[in-house]
């Protein structure tokens, strides 16, 4: 499957979706931005899962700025073990275990 991202086209950062399902153009932008698990030190590139930073159930939008791709192990830790993932002003990610 071929996917092309056009930088002069639709601003994918502004795309949001009312549902939980990630629209194709947002998914394409997410795959390009996050080719591997975003957790520092993790190098997994296959079968990544999409995670809402602000949970959908708590009003988090299905938008590029609220989505990241992570491996299954880190996704489980984020959703079940209360770990957190935060991005700082320079764009670097910080992984935190629960208190």
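Each reported figure results from applying straightforward, stated rules to the coordinates on display, with no laboratory input. Just so it is clear, the model here is predicted, and its values are computed rather than measured. Virtual Cβ from ideal backbone geometry, glycine too; neighbours counted across all protein chains shown.
Along each principal axis, taking the top coordinate minus the bottom one, the Cα set of segment 59-99 gives 23, 22, 20 Å in descending order. Net length available on complete extension from residue 36 to residue 73 is 12.0 nm, with 0.36 nm assigned per residue and the Cα-Cα distance removed. Across segment 15-96, C-alpha contacts under 8 Å between residues 6 or more apart give a mean separation that, scaled by the residue count, equals a relative contact order of 30 percent.
Once the Cβ-Cβ distance of residue 49 and residue 83 is raised to the sixth power relative to R0 = 22 Å, the FRET efficiency obtained is 0.95.
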